[in-house]
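Worksheet: one structure, shown below.
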Amino acid sequence: MSGSEGVRGGARGARRVLGIDLGERRIGVALGDAETHSALPLATLSRARSVDEDARVVARLAAEQRADGLVVGLPLNADGSEGQQAATTREWAVAVAAATGLPLRFRDERLTSVRAEQRIGGPARGRSGGPPSAKQRDAHRARIDREAAALILQDELDATAGPADESAPGQASPRSEEPNESA
């Protein structure tokens, strides 16, 4: 199977799916189950020096978790258009999907980090009630990345659930798409 065939079908038919929130320094990862329609934060990975190295790490994690699909958050502009970061994310995701052989879908990730921080709260106070240490701040950011990945994946699972599984009928779902062949 070529790389483009691996991503053409999308992750819609997958049972266990990795959700990814790609950042410049870290990759938030979540694991979702299409049968239970649930997504949970899994890990935060440090970005490697190359996409190939990132792909190897994601492939290993996908194999360990027996994942059979990828959902990657697409950082759209506020007006829904795609800017440079979205193009960079698409390029990374298509390369990772091709390297892993897993089908790929994109999900609008606007405001997922804000929602993640609202869900988990701010960072813990430092010693003696002072500001958090650098280590505490880094741990908190990593937790937000994992949580954002879970929100991206949960949005996808909710949007692709059957009509009988809809928990909030009538609500507009965030934008989801399969990569096009020119990506």
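The values are calculated or read from the model by the stated rules, or taken from the named source; none is laboratory data. On a predicted model such as this, the values are computed, not experimentally measured, just so you know. Please note: Cβ atoms are built from the backbone with ideal geometry, for glycine as well, and neighbour counts cover all protein chains shown.
The set of residues in the stretch 103-118 that are modelled with pLDDT of 95 or more and either in a loop (DSSP other than H, G, I, E, B) or touching a Phe, Trp or Tyr at 6+ places or on another chain (Cβ under 7 Å) (or both) contains only P103. How many residues are of a type in the set (S, T, N, Q) and crowded, with 17+ Cβ neighbours inside 10 Å if we restrict to the stretch 73-100? Residues in the stretch 73-100 being of a type in the set (S, T, N, Q) and crowded, with 17+ Cβ neighbours inside 10 Å: 2 in total.
Among the residues of the stretch 70-112, those that are among the charged types (D, E, K, R) and closer than 20 Å to A43 by Cα comprise R105, R107, E109. Taking the criterion of being at pLDDT 80 or above, charged (D, E, K, R) and touching a strand residue (DSSP E or B) at 6+ places or on another chain (Cβ under 8 Å), the residues of the stretch 128-183 that qualify are R141, R143, D145, R146, E147, D155, E156.
Among the candidates A148, A67, the residue that is among the small types (G, A, S), outside any loop (DSSP other than H, G, I, E, B) and either under 20 Å from R47 (Cα atoms) or out of contact with any His (no Cβ under 9 Å at 6 or more places or on another chain) (or both) is uniquely A148. Considering the stretch 119-131, and only residues there that are touching a helix residue (DSSP H, G or I) at 6+ places or on another chain (Cβ under 7 Å) and assigned to a loop (DSSP other than H, G, I, E, B), the residue that is farthest from P41 (Cα to Cα) turns out to be G126. Scanning the stretch 28-57 for residues that are outside any strand (DSSP E or B), touching a strand residue (DSSP E or B) at 6+ places or on another chain (Cβ under 8 Å) and among the aliphatic types (A, V, I, L, M), we see that the one that is nearest to T160 (Cα to Cα) is A34.
Looking at the stretch 107-117, is at least one residue hydrophobic (A, V, I, L, M, F, W, C), buried (at least 18 other Cβ atoms within 10 Å of the Cβ) and either touching a residue at least 12 places away in the same chain (Cβ under 8 Å) or touching a Cys at 6+ places or on another chain (Cβ under 9 Å) (or both)? Yes, the conditions are met somewhere in the stretch 107-117. Do you know which residues across the stretch 100-115 are of a type outside the set (K, R) and under 22 Å from E82 (Cα atoms)? Matches in the stretch 100-115: P103, L104, F106, D108, E109, L111, T112, S113, V114.
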